[in-house]
Amino acid sequence: MNIYNQLLKTIEKKGAAYLILLDPDKLNSDKLEAFIKKCNDADVDGFLIGGSLMLNGDFDGFIKRVKQSTKLPAMIFPGAINQVSSYADAILFLSVVSGRNPEHLIGKHVLAAPLIKRAKLEPISTAYILIESGTSTTAQYMSGSLPIPRNKPEIAAATALASEYIGMKLIYLEAGSGAQQTVPNEMVKAVSSVCSVPIIVGGGIKSPSAAREKVDNGAKIIVTGNFFENENNWGLIKEFADAVHKKMPVTI
Ligand code: 1GP
């Protein structure tokens, strides 16, 4: 079964899926395997791998280490076209549809497509929708585009619907890594009420209750990254997964 269908199956079975973002530049490299093991044991549903810059260099080596430590899907979440690796299971083929920068709508994709084909990676077309979240985020800066104002859920909904009509298989509502404010619940609700493809929500989610709120408003995939870059938080991975899977009342 391909990775996209595997994700759909997880959503069908558990109500929503929980993915953890691994940024090779930010995660303490010596502790990667230990962190992955914690995720395996906590009922996490998969990993996104990528970063804005890749200062670290060895992208292939990083993904190999992830794959050696887990049976969960490892999907590339590319910050740039040099983040293509045949060691991953799939790649989110992201178009920044909230912006009007042609390079991030189609330009980079033309360059990346042959690399993805050669690497035999499964591309999962994803509408990447940046949402204003307090301050300017790396994703906004790097894509040279304006985010959708957070008090305009109807623009997000129309953008997501247009993306679905174009044929996007996932809609990613992104507040940005380390965002001050998460994507507003009202916006998640507005988007999920018009779209039939899964909605991913990420950026600034720092508590199981925040993750649960997004699911309650229609998110089908939750992503966290930053929060677990601090090892002191690792004890909470299961609480996040349970919150996303709606396994128990959320207290924090
Ligand atoms: C960023 O949505 C992801 O692209 C995750 O954001 O790092 O803030 O959890 P955080």
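The values are calculated or read from the model by the stated rules, or taken from the named source; none is laboratory data. Just so it is clear, the structure is predicted and the values come from calculations on it, not from any experiment. All Cβ positions, glycine included, derive from the backbone under ideal geometry; neighbour counts span all protein chains shown.
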**Prompt:** Any residue at all in region 94-102 that is small (Gly, Ala, Ser) and either closer than 25 Å to ILE36 by Cα or crowded, with 23+ Cβ neighbours inside 10 Å (or both)?
**Reply:** yes
**Request:** Considering only region 215-236, state which residues are within 20 Å of ILE124 (Cβ to Cβ) and either within 15 Å of the chain's Cα centre (by Cα) or within 14 Å of the ligand (Cβ to nearest atom) (or both).
**Result:** ALA219, LYS220, ILE221, ILE222, VAL223, THR224, GLY225
**Prompt:** Somewhere in region 8-27, is a residue within 21 Å of SER177 (Cα to Cα) and among the basic types (Lys, Arg)?
**Reply:** yes
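Yes or no, residue by residue, for (1) buried (at least 16 other Cβ atoms within 10 Å of the Cβ); (2) of a type in the set (Ser, Thr, Tyr); (3) modelled with pLDDT of 95 or more; (4) within 17 Å of the chain's Cα centre (by Cα):
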position	(1), (2), (3), (4)
ALA112	yes, no, yes, no
LEU115	yes, no, yes, no
SER125	yes, yes, yes, yes
ILE129	yes, no, yes, yes
GLY134	no, no, no, no
THR137	yes, yes, no, yes
LEU146	no, no, no, no
